[in-house]
Amino acid sequence: METKFEREFGPALQRFFEGCQRIANEHTAANYSNNEKPPFKLEELKVRWRIRREGSAHAFVCKNTGDVLMPASWSKPAKHARGNIFDDQNGLGQMGPYGPKYLR
């Protein structure tokens with residue numbers, strides 16, 4: 001039997017993924033109008049989802065909590081969540097055109 005978290009995770013992840021694309025595409029259109037918009041991919045890993053942009057990791061989303069994590073490397077996220085796909089801003093509050101923002 002599917003829990004409420006499992007039912008809501010897929011749509012929340014999809015909204016977050018589309019929001020990441022929108023932020024990056026708006027930045028590209030405003031600042032680099034001659035460049036093509038970067039392609040994004042969503043990849044499922046064992047413990048988290050990876051959002052790829054042009055062959056590099058853009059962000060990670062934890063499957064258990066929905067936390068948005070900044071990449072430390074291609075396969076590993078940095079510590080400390082930068083948001084959550086279930087918060088009021090769908091995890092996009094700390095998202096910039098190149099990925100999650102650094103903590104301050």
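Read the figures in this text as sums done on the coordinates, not as results from a lab. Everything numeric here is computed off the predicted structure, so don't read it as measured data. Neighbour counts are summed over all protein chains in view; Cβ atoms, including those assigned to glycine, are modelled from backbone coordinates with ideal geometry.
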Per the Kirkwood formula on distinct C-alpha pairs, the Rh of the chain is how many angstrom? 13.9
Can you tell me the orientation of helix 4-31 relative to the chain, as the angle in degrees between its alpha-carbon axis and the longest Cα principal axis, to the nearest 10? 10
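For every helix of n ≥ 4 consecutive DSSP H residues, a contribution of -39,500 (n - 2.57) applies; sum these over the chain, divide by its total residues, and give [θ] at 222 nm rounded to the nearest 500 deg cm²/dmol.
After summing the helix terms and dividing by the residues of the chain, the value is -9500 deg cm²/dmol.
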Count of lysine pairs in the stretch 4-98 with Cα separation under 26 Å (8 or more residues apart, or interchain): 12
Sparsely packed GluC sites (Glu not before Pro) within the stretch 26-104, loop by DSSP, other Cβ within 10 Å at most 11: GLU36, GLU54
Among all stretches of the chain without exposed chymotrypsin sites (Phe, Trp or Tyr not before Pro) (DSSP loop, at most 11 other Cβ atoms within 10 Å), which one is longest? 33-73
Place a +1 charge on the Cβ of each Lys and Arg in the chain and a -1 charge on the Cβ of each Asp and Glu, then give the dipole magnitude about the Cα centre in debye, rounded to the nearest 20. 360
Have a look at ASN31, GLY10, LEU69 and report the one farthest towards the positive end of the charge dipole of the stretch 1-95, computed about the Cα centre with Cβ charges (Lys/Arg +1, Asp/Glu -1). LEU69
